[in-house]
Amino acid sequence: MAFGPAVGYIHEVLFRQLEYLVALSRERHFARAAQACFVSQPALSEAVRKLEEELDVPLVRRGRKYEGLTPEGERIVVWAQRILADRDALKNEVGALRTGLSGRMRIGSVPTASGAVSLLTGPFCAAHPLVTVEVIADLQSEEILRQLQNFEIDAGITYLHNGLSEHFQAVPMYEERYVLLTTAADGGARSTATWADASTLPLCLLTEAMQGRKVLDGVFAEAGLRPSPRLETDSVATLFAHVRTGLWASIVPHTWLHVFGVPQGMRAVPMVEPARSVPVGLVVTTREPGSVMARALADVARHTDVAAALERLPGESGAR
């Protein structure tokens, strides 16, 4: 018993050292890593140096500024991420057994899934009132999987591509389909729009680097077309602001209409020829025992009919 507090202190120091090393790997800058950990830069540097002494390997390439981790450091960071994730998972599991789930849930999402995220966070927070939810809603699919593997987020909502690694498991949620936003005067007579129709309009689209735009470019290419947007943006809000002026048309996922609505004076009509959809779902790691937060969110996803909630476009008089 006499050794209990001392052992606990040693463990806490080790955890802190590992947290600092992970932050340094993520931020790639001593000052930013220290700021992220709410400590001074000298304190963080000294803790990392002591960890190097204890492990008897160099972890950081040091020059006049941060030059990256050594090969040994890169390997230790992987272990550090696992150890810290297991510590947090254990705390959450014990806390859930005592008083119910509590702590912070981190969800990463592709931008187009913002509407779907809200359909999960509502029932999740109602079922677990002691949990705070953080949603990072501007991630690319590859970044979501990377952050899941590095334990930076608990769960991700993203496109479900074929060949998902065995390190992940998915809960399908809905099929993302696409609509043309056009002026009421132009779209008044049409109930659908072809991709060829859309290619002739003054389009406002997301930039080519964004995942949502890549999906659209793929469908255009399948139809033998290449879009020539008059305006591009990396902001969904900016895209809708331009469409709202009535000077631009756009192609957007139908789920966005549940968040932003249909701009006044505009119509939203389904895209056809080809009619395409992309599966979207919740993704978590298969690592056991894993995050109790992720398990709880996956349970909500399995029991929430997200597809039905998103099926009807705002303003439609009946189901599709």
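For the stretch 229-268, what mean projected area does the convex hull of the alpha carbons give, in nm²?
That works out to 2.7 nm².
Please find the FRET efficiency linking V272 to R26, where r is the Cβ-Cβ separation and R0 is fixed at 45 Å, and quote it to the nearest 0.05.
Given R0 = 45 Å and the Cβ-Cβ separation, E is 0.55.
Please tell me the relative contact order of the chain in percent, rounded to the nearest whole number, where contacts are Cα pairs under 8 Å and at least six residues apart.
20 percent
Give me the net charge of V215's neighbourhood, meaning all other residues with Cβ under 9 Å from the Cβ of V215; Lys, Arg count +1, Asp, Glu -1.
+1
Membrane-span-like helices in the chain: DSSP H runs reaching 27 Å or more (Cα, own axis), mean Kyte hydropathy at least -0.5?
4-27, 71-99
Answer rounded, prolate or oblate for the stretch 82-231, using the Cα gyration tensor with square roots of eigenvalues a ≥ b ≥ c: rounded when a/c is under 1.5, else prolate when a/b is larger than b/c, else oblate.
It is prolate, given that a/c is not under 1.5 and a/b is the larger ratio.
Using a basic spin-label model with each label point 7 Å from the Cα along Cα→Cβ, how many nm lie between E175 and F38?
Taking the simple label geometry, E175 and F38 are separated by 4.7 nm.
For the pair D56/E74, report the inter-label distance in nm, with labels modelled 7 Å from Cα in the Cβ direction.
Taking the two extended label points, one gets 2.4 nm.
Where nothing but the Cβ of Lys and Arg (+1) and of Asp and Glu (-1) is charged, how large is the charge dipole of the stretch 133-283 around its Cα centre, in debye to the nearest 20?
In total the dipole reaches around 620 debye.
For all pairs of alpha-carbon atoms in the stretch 193-296, what percent lies in each bin of width 10 Å, listed from the first bin to the last filled one?
13, 41, 26, 12, 8, 0
Do the sum for the chain: with -39,500 (n - 2.57) for every DSSP H run of n ≥ 4, divided by all residues, what is the mean residue ellipticity at 222 nm, to the nearest 500 deg cm²/dmol?
-14500 deg cm²/dmol
Among the DSSP beta bridges whose two residues both lie in the chain, what percent are antiparallel, rounded to the nearest 5?
Rounded to the nearest five, the antiparallel share is 60 percent.
Sorted by average packing, counted as other Cβ atoms within 10 angstrom per residue and highest first, what order do 112-122, 228-238 take?
Ranked by mean Cβ neighbours within 10 Å, highest first: 112-122, 228-238.
No value in this document is a laboratory result; all are computed from the given coordinates. Please read these numbers as outputs of a predicted model, since none were measured by experiment. Reconstructed Cβ throughout: ideal geometry from the backbone, glycine too, with neighbour counts over all protein chains shown.
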